[in-house]
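Report on the following structure.
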Amino acid sequence: MEKIIIIKYGELSTKKDNINYFLSTLKKNIINSLTGINYDITYDKSRMFISTDNFLECINRLKKVFGIHKITIGYKISNEFSEIENSSLELLKDKEFKTFKVNTKRSNKKYPINSMDISRKIGAYLLKNIENINVDVHNPDIILNVEIRINDAYLYFEDIEGSGGYPVSVQGKGLLMLSGGIDSPVAGYLAMKRGIKIECVYFEAPPHTSLEAKNKVLELARKLAIYNNEVKVHIINFTEIEETIYKEIPNNYLITIMRRMMYRISEILCKRNNCKVIINGESIGQVASQTLTSMNAINRVVDIPVIRPVACFDKLEIINLANKIDTYNTSILPFEDCCTIFVPKHPVINPDINKCVEYESLIDYKNMIYRAIKNEQVIKIKPIEENKYTDIL
């Protein structure tokens, strides 16, 4: 018997004409995730198989690769029925259980025994050769899964949950507006789960925002890079724009105008970096800038689609996901970002678009945006380089 890892696709199996593209992308992402591990990988349209000498580390990494529905450790044998029987007995004879069930899938429809009969025959063989066990098809202690294929067969037991979704990059790229808060990293995670490769934009405003706030965001990007292989973070100095807005714009419209400026900059970055959408962590009604009226007023300044993966989540649901992906404890570090340092006491919750346009005419925002983008800093982050960030521009 050859011990291997079996990967099941789940949602990918519904693809038809473009299944090869999805699977080749998944394979590429798996190869990137297994850097430093010895392995061999093969695949077809129903399964992917990995041989390795480091099963534990390999599975831990595979659990974070989108596009994988289930992972299991299996055993590859020939599809000779006598070998299937003997191997089943070999695998089960030293396990502790009182009840069992055999499930058989037969992708090789020309195999001379049908699936039900295979399960019955293997069950009878196990009952004959292992003492004090019984069949229980409803609630067994252990399930032996048998897959019959063209040239071989596979035996395995329980599955391990994968991350599901689509392989990252099959949907192209998106630009995540990454703040230091709880919501935006979760939004980035959910976007990646639907096959979007992310880049990030972070707006800093020194000296009002600190180096610690910037490093906090880079650490969040590193945690997202685990699912994305690497993340580029575009750092925009927002100080001139933010200070000008604070001086020239009515106080209750500060956040609305500031967000409109961030959207404008994000759209330009998207077009320059071949990103198809803007992604952010806005959740309906959570703060003043996230009412439906506010979202509409802010969204008007861009033509590119804006997706909000956590828009209909409540805060507890977002926190639960943040804990799951290990971003929560970083997000709650007490370092303020651009969106919190100049928050007015009474921000407008139903901004008027005409007033937004009128107030923006008071400032030379186009030239300020030009200068901010011209001086952007781009940092490439790899997940394996903990706390080490590479400035590439």
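The values are calculated or read from the model by the stated rules, or taken from the named source; none is laboratory data. This one's a predicted model, so the numbers in the text were calculated from it and none came from an experiment. Positions of Cβ are backbone-derived with ideal geometry, glycine not excepted, and every protein chain shown enters the neighbour counts.
Can you tell me which of ASN252, ASN228, ASN237 is at pLDDT 95 or above and polar (S, T, N, Q)? Before you say what the answer is, go through the steps one by one.
Working: ASN252 fails: at pLDDT 95 or above; ASN228 fails: at pLDDT 95 or above.
One residue alone meets the criteria, ASN237.
Restricting to the range 330-381, name every residue that is more than 20 Å from ILE298 (Cα to Cα) and either at pLDDT below 90 or outside the structural domain of ARG300 (by TED's automatic domain parsing) (or both). Before the answer, list the steps.
Keep residues of the range 330-381 that are more than 20 Å from ILE298 (Cα to Cα), which gives 330-336, 371, 374-381.
Those that are more than 20 Å from ILE298 (Cα to Cα) and either at pLDDT below 90 or outside the structural domain of ARG300 (by TED's automatic domain parsing) (or both): PRO334, PHE335, GLU336.
Across the range 118-147, what is the number of residues that are part of a strand (DSSP E or B) and either among the acidic types (Asp, Glu) or within 32 Å of the chain's Cα centre (by Cα) (or both)?
Taking the range 118-147 as the starting set, the residues that turn out to be part of a strand (DSSP E or B) are 134-135, 142-147.
Filter again for either among the acidic types (Asp, Glu) or within 32 Å of the chain's Cα centre (by Cα) (or both), leaving 142-147.
Total meeting the criteria: 6.
Need the failing condition index for ILE150 against (1) outside any strand (DSSP E or B); (2) within 21 Å of SER87 (Cα to Cα); (3) in contact with a strand residue (DSSP E or B) (Cβ under 8 Å, 6 or more places away or on another chain), just the number.
For ILE150, the exception is condition (3).
Which condition number does ASN134 fail, the rest of (1) at pLDDT 95 or above; (2) within 30 Å of LEU12 (Cβ to Cβ); (3) in contact with a Ser or Thr (Cβ under 8 Å, 6 or more places away or on another chain) being met?
(2)
Please go through the range 185-200 and give me each residue that is in contact with a helix residue (DSSP H, G or I) (Cβ under 7 Å, 6 or more places away or on another chain) and buried (at least 24 other Cβ atoms within 10 Å of the Cβ), ordered by number. First the steps, then the outcome.
Taking the range 185-200 as the starting set, the residues that turn out to be in contact with a helix residue (DSSP H, G or I) (Cβ under 7 Å, 6 or more places away or on another chain) are 185-186, 188-189, 192, 197-198, 200.
Within the range 185-200, PRO185, VAL186, GLY188, TYR189, MET192, ILE198, CYS200 meet the criteria.
May I ask you to list the residues in the range 265-288 that are buried (at least 19 other Cβ atoms within 10 Å of the Cβ), modelled with pLDDT of 95 or more and among the charged types (D, E, K, R)?
Of everything in the range 265-288, nothing turns out to be buried (at least 19 other Cβ atoms within 10 Å of the Cβ), modelled with pLDDT of 95 or more and among the charged types (D, E, K, R).
Can you name every residue in the range 93-134 that is charged (D, E, K, R), more than 14 Å from ILE148 (Cα to Cα) and touching a strand residue (DSSP E or B) at 6+ places or on another chain (Cβ under 6 Å)?
LYS101
If you check every pair at least six apart or on different chains, which have Cβ atoms under 9 Å apart with a residue in the range 104-121 that is touching a residue at least 24 places away in the same chain (Cβ under 8 Å) and surrounded by 13 or more Cβ atoms within 10 Å (Cβ to Cβ) first and a residue that is in a helix (DSSP H, G or I) and among the hydroxyl-bearing types (Ser, Thr, Tyr) second?
From the range 104-121, the pairs are THR104/SER115; THR104/SER119; LYS105/SER115; ARG106/SER115.
Quick one: is VAL168 buried (at least 21 other Cβ atoms within 10 Å of the Cβ), in a loop (DSSP other than H, G, I, E, B) and modelled with pLDDT of 95 or more?
Working: buried (at least 21 other Cβ atoms within 10 Å of the Cβ): yes; in a loop (DSSP other than H, G, I, E, B): yes; modelled with pLDDT of 95 or more: yes.
Here the answer is yes, as VAL168 does meet what is asked.
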